[in-house]
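Participant: Quick one: the structure is below, questions incoming.
The values are calculated or read from the model by the stated rules, or taken from the named source; none is laboratory data. Computed from a predicted structure; not experimentally measured. Cβ coordinates were reconstructed from backbone atoms using ideal geometry, including for glycine residues, and neighbour counts include every protein chain displayed.
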Amino acid sequence: MSKTTAARAAANARARVSLTSSTAQIQQVKSALSEAARQITQGETWVLPYLKRLKAELARLEDDQDLLLQAHEIANAAPRRAA
């Protein structure tokens, strides 16, 4: 296996780990967001600032995940050179 092929394989493996980690973080924030919304509907208005922060964090994580997916697609679409 050439150095380029090995480097590309390692980058793809790291991208998969990043996507998996990103998805797990998004699920955690969504769960926390759901719990905060439930508490707010039960009259716990002190949770409102946390809800705002969680929504911002979710948007950031989803944007990051979109960028990771785009980078992965670009890397996989790059022309392969003959060894």
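Participant: Restricting to the range 1-49, give me the number of residues that are modelled with pLDDT of 80 or more and under 30 Å from ALA78 (Cβ atoms).
Facilitator: Let us first name the residues in the range 1-49 that are modelled with pLDDT of 80 or more, namely 20-49.
Next cut, under 30 Å from ALA78 (Cβ atoms) only: 20-26.
Residues that pass the stated criteria total 7.
Participant: Condition (residue is charged (D, E, K, R), in contact (Cβ under 8 Å) with a residue 40 or more places away in the chain and not in a helix (DSSP H, G or I)) applied to the range 75-83: is it met by at least one residue? Give the derivation first.
Facilitator: First pass over the range 75-83, keeping only residues charged (D, E, K, R): 80-81.
From the residues that got through so far, the ones that are in contact (Cβ under 8 Å) with a residue 40 or more places away in the chain too are 81.
If we keep only those that are not in a helix (DSSP H, G or I) too, we end up with 81.
There is at least one residue in the range 75-83 that is charged (D, E, K, R), in contact (Cβ under 8 Å) with a residue 40 or more places away in the chain and not in a helix (DSSP H, G or I).
Participant: Another one. Can you tell me which condition LYS52 does not meet? The list is (1) assigned to a helix (DSSP H, G or I); (2) at pLDDT below 95; (3) not β-branched (Val, Ile, Thr), and all the others hold.
Facilitator: It is condition (2) that LYS52 fails.
Participant: Checking GLY43 against (1) touching a residue at least 24 places away in the same chain (Cβ under 8 Å); (2) not in a helix (DSSP H, G or I), which single condition isn't satisfied?
Facilitator: Unmet for GLY43, out of (1) touching a residue at least 24 places away in the same chain (Cβ under 8 Å); (2) not in a helix (DSSP H, G or I): (1).
Participant: Condition first: among the small types (Gly, Ala, Ser) and more than 17 Å from the chain's Cα centre (by Cα). Can you find one or more residues in the range 44-61 that meet it? It would help to see each step written out before you state the result.
Facilitator: So in the range 44-61, the residues among the small types (Gly, Ala, Ser) come out as 56, 59.
The next check asks that each one be more than 17 Å from the chain's Cα centre (by Cα); those that pass are none.
No - not one qualifying residue is present in the range 44-61.
Participant: Here's another thing I want to ask about it. (1) farther than 25 Å from SER22 by Cα; (2) in contact with a helix residue (DSSP H, G or I) (Cβ under 9 Å, 6 or more places away or on another chain): which one isn't true of TYR50, the others all being true?
Facilitator: (1)
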